[in-house]
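Engineer: Submitted below is the structure of interest, expressed as structure tokens.
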């Protein structure tokens, strides 16, 4: 039996040619696309302006991605919600919904698990299971929007997985997400995170999208970065900075450096000085993240005084810097924690 096509991952143009190959009129593609990406239908049977015969045909020929909500937790502190969704093959992924004054943000996963091995992250403890399809990335957003009844205006691809390790699906997802016939999220309201896969950072730059690229830097020397992030064995900080510069040249978009502060590891005055030297020549923003402790690792969060001192040192040198507001700390806020608990059966 031939594998059914994943219909929610198709662009409108691809959907039009699919409908024509079924002997259907072109406008049917627009109707189906609208049901999937605007009305957020959970299946073909909800598409009431299609004939029963066509719906049956679609059912037979196409896979319709619709994630199943297993559980969600809501923070008593700030209303952040963490969602756990089941995929068709039994794997689970997590996503986070955050309320801000400027609108609602959703942080999505791009892979089931992760193979990057960053030392302070729960997502990577069991390795990579598989890449997510564009439809599976989209449906995290669609499901959350349906569940909360509120529009999502900002998307962050910073959950479980390394987006640049799933490059082709990521690119297709971004095109669908920003398509004017779909959810039509502004490219400027999308952030994609990477731990630094240099060739794909450069490929993304050449797409000239207006999204924000966030680099998980976490250390200012190659030696220290290698301790925290195995990817640093492949690409040096010098190569990373060149790729960041290239991204800015191609897109005009300021890079964000994500820097998790780990107590006694990368939060010294010398670290701040070296980070200033890296960030100074670039048009960038530094986002300091008090690391979320996980039980499988012995890293601890820098104390508040240290975090503020680190920020002040950067600011004195005219580096644009913020401390990330902690969201959902009381609900397994760190990437991969909820999924891991579920897998352990607790």
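Engineer: Got a sec? How would 142, 259 order by Cβ neighbour count within 10 Å, fewest to most?
Structural biologist: Ascending Cβ contact count within 10 Å gives the list 142, 259.
Engineer: Taking the Cα centre of each part, how many Å lie between the range 54-96 and the range 197-250?
Structural biologist: For the range 54-96 versus the range 197-250, the Cα centre distance is 31 Å.
Engineer: In what order do 85, 27 fall by count of nearby beta-carbon atoms within 10 Å, going from fewest to most?
Structural biologist: Lowest to highest Cβ neighbour count: 27, 85.
Engineer: To continue, here is another question. Defining a contact as two alpha carbons under 8 Å apart and six or more residues distant in sequence, what relative contact order in percent does the range 175-291 show?
Structural biologist: 26
Engineer: Want the number for residue 63 to residue 227: 0.36 nm per residue separation, take away the alpha-carbon distance, what's left?
Structural biologist: Result: 54.8 nm gained on full extension.
Engineer: Tell me, what is the FRET efficiency for residue 268 and residue 322 to the nearest 0.05, using R0 = 25 angstrom and their Cβ-Cβ distance as r?
Structural biologist: For R0 = 25 Å, the calculated efficiency reads 0.80.
Engineer: Between residue 5 and residue 187, what length in nm is gained on full extension when 0.36 nm per residue of separation is reduced by their alpha carbon distance?
Structural biologist: Gain on stretching residue 5 to residue 187: 62.8 nm.
Engineer: A follow-up question, please. Grab the beta carbon distance between residue 76 and residue 203, set R0 = 45 Å, and tell me the FRET efficiency rounded to 0.05.
Structural biologist: 0.60
Engineer: Given 0.36 nm per residue, what is the gain on full extension from residue 283 to residue 242 after removing their alpha carbon distance, in nm?
Structural biologist: 13.5 nm
Engineer: On to the next question. Along Cα→Cβ, 7 Å out, is where each label goes; now give me the distance between the ones at residue 249 and residue 45 in nm to one decimal.
Structural biologist: Distance between label points: 5.6 nm.
Engineer: If I take every Cα pair under 8 Å that is 6 or more residues apart in the chain, average their sequence separation and divide by the length, what percent do I get for the relative contact order?
Structural biologist: 15
Engineer: How would you rank 168, 6, 271, going from fewest to most other Cβ atoms within 10 Å of each one's own Cβ?
Structural biologist: 168, 6, 271
Engineer: Same structure again: If I take every Cα pair under 8 Å that is 6 or more residues apart in the range 5-63, average their sequence separation and divide by the length, what percent do I get for the relative contact order?
Structural biologist: Here the relative contact order equals 35 percent.
Engineer: Report the paramagnetic label zone for residue 100: residues of the range 176-195 whose backbone N is under 15 Å from a point 7 Å from Cα along the Cα-to-Cβ axis.
Structural biologist: Only 186-193 fall inside the zone, counting backbone N under 15 Å.
Engineer: Nearest 5 is fine: what % of DSSP beta bridges in the chain come out antiparallel, could you say?
Structural biologist: Bridges in the chain are about 45 percent antiparallel.
Engineer: To the nearest 0.05, what FRET efficiency results for residue 56 and residue 126 with a Förster distance of 35 Å applied to their C-beta separation?
Structural biologist: E between residue 56 and residue 126, to the nearest 0.05, is 0.30.
Engineer: Using the Kirkwood formula over every pair of different C-alpha atoms, what hydrodynamic radius in Å results for the range 10-153?
Structural biologist: 17.0
Read-outs: derived from the displayed coordinates by stated rules, not from any lab. These numbers come from a predicted model, not from an experiment. With ideal geometry, Cβ positions are generated from the backbone for all residues, glycine too; neighbour counts draw on all protein chains shown.
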